[in-house]
Each structure stands twice: as structure tokens, then as C-alpha cells.
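Participant: Sending over a structure as C-alpha cells; questions will come in a sec.
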Amino acid sequence: VRSVGGAAYRLPHTGSSGLADGARIPAAAVSAEDAMLMARLARRGPLSMRLVLTPRTLPDADSYNVIADLPGTDKADEIVIVSGHLDSWDLATGAHDDAVGVASAMAVLETLKRLDYRPRRTIRMIAWMNEENGTRGARGYLAAEQGNVEKHFGAIESDNGAGRPFGMRTSVGPQAMKLFTPLQAALQPLGAGVIQRQDALQTGDLSGLERAGVPSFAPLIDTSDYFDYHHTPADTLDKVDPDNLRRHVAVMTATAWFLANLEQPIGRAAVPER
Ligand SMILES: [Zn+2]
């Protein structure tokens, strides 16, 4: 998720804007704690700061999405994506953003295999590359699957950290919402029975598929401390609560299994024109 300070990545070079460095305004992201410290100091009087910005952009190099299919049975040509993104900001290992997304997507396949469950539709795990500064992995996938988008039944991405999940968000059409009552009932014992509909989720990696009509799904997460860690050196594994991660895997697995086996069509996402 790029919510703050993405421009910090593009400081010392001309980048895709084509502007020379001298014509561009430096930008930087700070953590919530640092922002609050600056606000407190500023209230006492004039505040001067020395900012050291270290980002560099190196020449492009090849990289890849990582994709694994759990083949379906009678509807194997239809695809349900479960996904997270493989890259992270280089300040830390990116535990919340987005190792938990990738780990949970992998755990969906692992869980179903352990239970010896075979889905009707193919469940495709994707670890997207390059979400953070270009979504070129998602764009490459969409280009490669352009003729096959209609066969994509739905797509799930977890990219809001590993806070406690309360359910799912989705961009299915309003008429399809009633189909999700059994999923809500299955998730309710976890306290994750909320299904929240929006016209478009516009997650980083799924937005192209969503515009092409594939309904998006994302865990509905308590993100109250996500932005304390996200895109900072503090985003490390010790900040991930194992119980919430287990709940996360359960929500993702139940949703993927439900979508992969649903008898009725859920229709297409209808992203409003802007
Ligand atoms: Zn992310």
C-alpha cells in the first residue's frame, strides 16, 4: 500500500516524470511517532530538522510474479485468485506490508491441501511483484491474461497488514450480496462475519482486473496500528500477532473455498467511470 510518501523513492533521479531533479520538490515519509514528536516540538517554538534521504533508483532488472495453481475439478478453467505482494519498502523486511499477505495466500493452498479439499474452480496463488512502485507485476499478468479475463471468477488480495480481521470487503454487484450469507455464517464464530460492499476496492494489484470486471475481495482489517509500522524500519515479524495471522488465514481460506465452489455466478464488478 502506498499511502504516504511514495515520492521519496523517486528523489535523486529524473524518473518517469521526465523532470530534472532541480525542477522537482523533494518529499519524504515519516512514521506516526516521528510526526507526533515533530508536532510536539513545533508547539514549543521554531523547529529545525536535518533530513537525510537515502533512496536511490537503480536501473530496471528482471523480476517475476510467483504463481501456483491448486487445480479445480469440474470448473478448472475458471480461476479464483488469492494473493499478496512480494516486494516491500527496503527499510525493513515488510512483515505487515506485505509478507503477511503472501504468507496467507500461500497458507490458503496449504490449508486446503492438508484437508484434502479439491475446489471446483482453480485457486491461483499469486505473489505479485512490484506493487510498491509501479504494479508492473499486476500489469504484466493482466496483459498476459487479457483474453482470459472472463474466466476469472473473483480475486482476493490481502494488503492491509495482519491486524484482526472482521470480515471481507468486496466489489461484487449489490445483487450478488445475498449469495454471501453462508460465508458470513461460516466466519461469524471468528468475529469476522462482516461483508462490506464497495463499488470498487481499487487495491494496488487487483485494480486492473477489477476494471476489467473481476470482482475484488480483501480482508476487512483493524488497521489502527498498521500505519505505525507500514513503510518504516519497524515493519518486522515481531509486530505480527500470531493469533490474528491465524484468523487472517482462516478468513482468506474460507473466502477462496467459498468462491471456488459457489454454484451461482456472482456477476462482474462494475467500477464507476470517473
Ligand atoms: Zn502493500
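Participant: Looking only at the stretch 88-110, decide whether some residue is on the phi > 0 side of the Ramachandran plot and either within 16 Å of the ligand (Cβ to nearest atom) or touching a residue at least 60 places away in the same chain (Cβ under 8 Å) (or both).
Facilitator: Within the stretch 88-110 (the criterion being on the phi > 0 side of the Ramachandran plot and either within 16 Å of the ligand (Cβ to nearest atom) or touching a residue at least 60 places away in the same chain (Cβ under 8 Å) (or both)), the answer is yes, since at least one residue qualifies.
Participant: Testing VAL271 on (1) within 16 Å of the ligand (Cβ to nearest atom); (2) touching a residue at least 40 places away in the same chain (Cβ under 8 Å); (3) assigned to a loop (DSSP other than H, G, I, E, B), one condition comes back false. Which one is that?
Facilitator: Condition (1) is where VAL271 drops out.
Participant: Here's something else I'd like to know. Report every pair of residues separated by at least 6 positions or lying on different chains whose Cβ atoms are under 8 Å apart, first residue within the stretch 149-166 and within 15 Å of the ligand (Cβ to nearest atom), second hydroxyl-bearing (Ser, Thr, Tyr) and assigned to a loop (DSSP other than H, G, I, E, B).
Facilitator: From the stretch 149-166, the pairs are GLU157/THR203; ASP159/THR203; ASN160/THR223; GLY161/THR223; GLY163/THR223; GLY163/SER224.
Participant: If LEU115 satisfies all but one of (1) out of contact with any helix residue (DSSP H, G or I) (no Cβ under 7 Å at 6 or more places or on another chain); (2) within 22 Å of ASP241 (Cβ to Cβ); (3) of a type outside the set (Asp, Glu); (4) surrounded by fewer than 21 Cβ atoms within 10 Å (Cβ to Cβ), what's the number of the condition it fails?
Facilitator: (2)
Participant: Filter the stretch 59-103 down to residues that are of a type in the set (Val, Ile, Thr) and part of a loop (DSSP other than H, G, I, E, B), then give me how many there are.
Facilitator: The number of residues fulfilling the criteria is 2.
Participant: Further question on the same structure: Check off (1) away from the ligand (no atom under 16 Å from the Cβ); (2) open to solvent by 20 Å² or more (accessible area, probe 1.4 Å); (3) part of a loop (DSSP other than H, G, I, E, B) for GLY213 and give me the number that stays unchecked.
Facilitator: Every listed condition holds for GLY213 apart from (2).
Participant: List pairs: first in the stretch 120-141 and in contact (Cβ under 8 Å) with a residue 60 or more places away in the chain and aliphatic (A, V, I, L, M), second within 13 Å of the ligand (Cβ to nearest atom) and part of a strand (DSSP E or B), Cβ under 6 Å, 6+ apart or cross-chain?
Facilitator: ILE126/SER83; ALA138/TRP128
Participant: In addition: Suppose we keep only residues that are within 14 Å of the ligand (Cβ to nearest atom) and on the phi < 0 side of the Ramachandran plot within the stretch 127-136. Which one would you say is modelled with the lowest pLDDT?
Facilitator: ASN133
Participant: Another question, then. Considering only residues that are open to solvent by 20 Å² or more (accessible area, probe 1.4 Å) and acidic (Asp, Glu), look in the stretch 229-255 and name the one that is farthest from ALA186 (Cα to Cα).
Facilitator: Among them, the one singled out is ASP238.
Participant: Further question: For the stretch 165-179, does any single residue satisfy the condition of being surrounded by 15 or more Cβ atoms within 10 Å (Cβ to Cβ) and at positive phi?
Facilitator: yes
Participant: Would you check which residues across the stretch 155-195 are more than 18 Å from ALA250 (Cβ to Cβ) and either hydrophobic (A, V, I, L, M, F, W, C) or assigned to a strand (DSSP E or B) (or both) and list them?
Facilitator: ALA155, VAL172, ALA176, MET177, LEU179
The values are calculated or read from the model by the stated rules, or taken from the named source; none is laboratory data. Bear in mind the structure is a predicted one, so any value in this text is a computation, not a measurement. Neighbour counts are summed over all protein chains in view; Cβ atoms, including those assigned to glycine, are modelled from backbone coordinates with ideal geometry. Accessible surface areas use protein heavy atoms only, side chains included; no ligands, DNA or RNA. Shrake-Rupley method; radii C 1.70, N 1.55, O 1.52, S 1.80 Å.
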